[in-house]
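The values are calculated or read from the model by the stated rules, or taken from the named source; none is laboratory data. Every value quoted in this text rests on a predicted model; they were computed, and no experiment measured them. Cβ placement follows ideal geometry from the backbone for every residue including glycine, while neighbour counts extend to all protein chains displayed. What goes into the accessible areas is simple: the full protein's heavy atoms, side chains included, and nothing from ligands, DNA or RNA. Shrake-Rupley method; radii C 1.70, N 1.55, O 1.52, S 1.80 Å.
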Amino acid sequence: MTRVDLGLPSAPPPTLAPRRKTRQIRVGKVLVGGDAPISVQSMTTTPTTDVNATLQQIAELTAAGCDIVRVAVPSQDDAEALPAIAKKSPIPVIADIHFQPKYVFAAIDAGCAGVRVNPGNIKKFDDKVAEIARAASEAGVSIRIGVNAGSLDPRLLRKYGKPTAEALVESALWEASLFEEHGFRDFKISVKHHDPVVMVRAYEMLAERCDYPLHLGVTEAGPAFQGTIKSAVAFGALLSKGIGDTIRVSLSAPPVEEVKVGVKILESLNLRPRKLEIVSCPSCGRAQVDVFKLADEVTAGLEGMDVPLRVAVMGCVVNGPGEAREADLGVASGNGKGQIFIKGEVVRTVPESEIVPTLIDEARRLAHEMKASGIPSGSPTVEVR
């Protein structure tokens, strides 16, 4: 028997650009900025007053890879639910505050790890900055200054005529300066817009003018498909330049889908360790098997696998063998059969009807060996029969 090294890389994978140097803040147990990993955020859709439902959704988000979660606090009843949620949540909770500054203090008192404030729609916000800064500092709570195109300060709308990148940045830096006057710098900033081009420009301008960690987001990005494209384009443009310290993909879809997209964006840029990755061809006139069906069935069969395994599902003899050979596990299909590769070596040839179960069985076996080694990112070996 021959033993084949899976050859998983021990050195950090390459990235497109070094991370921008920023301050580092703490959101509960999660560090943001500096040399901390880029974190993924989402927001619950349950009524905050329904503590059990909210905690259940937070648990689902955590399982999907969410690092920080935000909950809405539009009423006193929501504020009163915060202590139980903040205490029992497995990940840091940020309270989302609009209109009423009193809920900022309620969130701090409730033990939330952070507070998101929207300066454009909180009544007399500037007058409350000193008090907010003092309370947050004493409690060790960080703040996000969240500027949105849809709720920009009316004074800046009059000045610029519409929510331009310049208007978003001016609003954010003005509010930051107010906190700085009171010695408070434990905050991150977001300048969100629904247009990825305006959003990217705003964050580029902001990155040039401050060293605070930045929370990336395309606000009101739209339904799942459209929102995924807009977010991936905008985040890719910024993260590829080293800009961005925490992200939230805003979709008109269940929040778990936001997390999945966010995680995949980071994995694709080597900014988060990859787990399962399916490499599959788009199919073409050369394909001699139903690649779409094979890829969907393999993906479904391996759902939830959490080891860094690359599986190639290829449908023709042109690119198939090369891609399958480069993956940890792969199949090159044609003429009603498939060659199964494990780290570059053909281990067997199976009928088309057996491709999916064979790949799933081999993937699970490899995953088991990787976990048994105790180091999922190491270089386990497999036996070639």
(request) Check whether at least one residue in the stretch 186-201 is hydrophobic (A, V, I, L, M, F, W, C) and closer than 26 Å to Arg310 by Cα, and report yes or no. (result) no
(message) without any contact (Cβ under 8 Å) to a residue 40 or more places away in the chain and not in a helix (DSSP H, G or I): is that true of Ala84 in this structure?
(response) no
(message) What are the pairs with Cβ atoms under 8 angstrom where one residue, in the stretch 211-234, is touching a residue at least 60 places away in the same chain (Cβ under 8 Å) and surrounded by 24 or more Cβ atoms within 10 Å (Cβ to Cβ) and the other, located anywhere, is of a type in the set (Phe, Trp, Tyr) and in a helix (DSSP H, G or I)? Sequence gap at least six, or different chains.
(response) Leu214/Tyr203
(request) Could you tell me which numbered condition Ala110 fails, if it satisfies all but one of (1) in contact (Cβ under 8 Å) with a residue 40 or more places away in the chain; (2) under 27 Å from the mean Cα position of the chain (by Cα)? (result) (1)
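Within the stretch 328-345, can you find the residues that are in a strand (DSSP E or B) and surrounded by 15 or more Cβ atoms within 10 Å (Cβ to Cβ)?
Correct list: Leu329, Gly330, Val331, Ala332, Ser333, Gly334, Lys337, Gly338, Gln339, Ile340, Phe341, Ile342.
Consider Tyr203 carefully, then state whether it is open to solvent by less than 10 Å² (accessible area, probe 1.4 Å), assigned to a helix (DSSP H, G or I) and within 19 Å of Ser39 (Cβ to Cβ).
Values: open to solvent by less than 10 Å² (accessible area, probe 1.4 Å): yes; assigned to a helix (DSSP H, G or I): yes; within 19 Å of Ser39 (Cβ to Cβ): yes.
Considered against the rule, which asks whether it is open to solvent by less than 10 Å² (accessible area, probe 1.4 Å), assigned to a helix (DSSP H, G or I) and within 19 Å of Ser39 (Cβ to Cβ), Tyr203 comes out as yes.
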(request) Test His194 against the criterion of being open to solvent by 30 Å² or more (accessible area, probe 1.4 Å) and under 20 Å from the mean Cα position of the chain (by Cα), and give yes or no. (result) yes
(message) Among the residues of the stretch 161-179, what is the count of those that are of a type outside the set (A, V, I, L, M, F, W, C) and crowded, with 16+ Cβ neighbours inside 10 Å?
(response) 5
(request) Filter the stretch 237-270 for residues that are among the aliphatic types (A, V, I, L, M), in a loop (DSSP other than H, G, I, E, B) and crowded, with 21+ Cβ neighbours inside 10 Å and give the result. (result) Ile243, Val249, Leu251
(message) Can you confirm whether Leu8 is part of a loop (DSSP other than H, G, I, E, B), surrounded by 13 or more Cβ atoms within 10 Å (Cβ to Cβ) and modelled with pLDDT under 95?
(response) yes
(request) Kindly list the number of the only condition in (1) in contact with a Cys (Cβ under 9 Å, 6 or more places away or on another chain); (2) outside any helix (DSSP H, G or I); (3) not assigned by the TED database to the domain that holds Glu354 that fails for Val289. (result) (3)
(request) Answer yes or no as to whether Leu178 is in contact with a Ser or Thr (Cβ under 9 Å, 6 or more places away or on another chain) and either modelled with pLDDT under 95 or not assigned by the TED database to the domain that holds Leu206 (or both). (result) no
(message) Considering only residues that are outside any helix (DSSP H, G or I), open to solvent by 10 Å² or more (accessible area, probe 1.4 Å) and in contact (Cβ under 8 Å) with a residue 60 or more places away in the chain, which ones fall in the stretch 144-160?
(response) Asn148
(request) For Pro37, work out the one condition from (1) crowded, with 21+ Cβ neighbours inside 10 Å; (2) more than 22 Å from Val115 (Cβ to Cβ) it doesn't fulfil. (result) (1)
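Out of Ala84, Ala130, Ala64, which single residue is surrounded by 16 or more Cβ atoms within 10 Å (Cβ to Cβ) and on the phi < 0 side of the Ramachandran plot? Break it down into steps so the answer makes sense when it comes.
Working: Ala84 fails: surrounded by 16 or more Cβ atoms within 10 Å (Cβ to Cβ); Ala130 fails: surrounded by 16 or more Cβ atoms within 10 Å (Cβ to Cβ).
Going through Ala84, Ala130, Ala64 in turn, just one is surrounded by 16 or more Cβ atoms within 10 Å (Cβ to Cβ) and on the phi < 0 side of the Ramachandran plot: Ala64.
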(request) Determine which member of the set Ala207, Ala202, Ala139, Ala167 is assigned by the TED database to the domain that holds Asp96, among the small types (Gly, Ala, Ser) and without any contact (Cβ under 8 Å) to a residue 24 or more places away in the chain. (result) Ala167
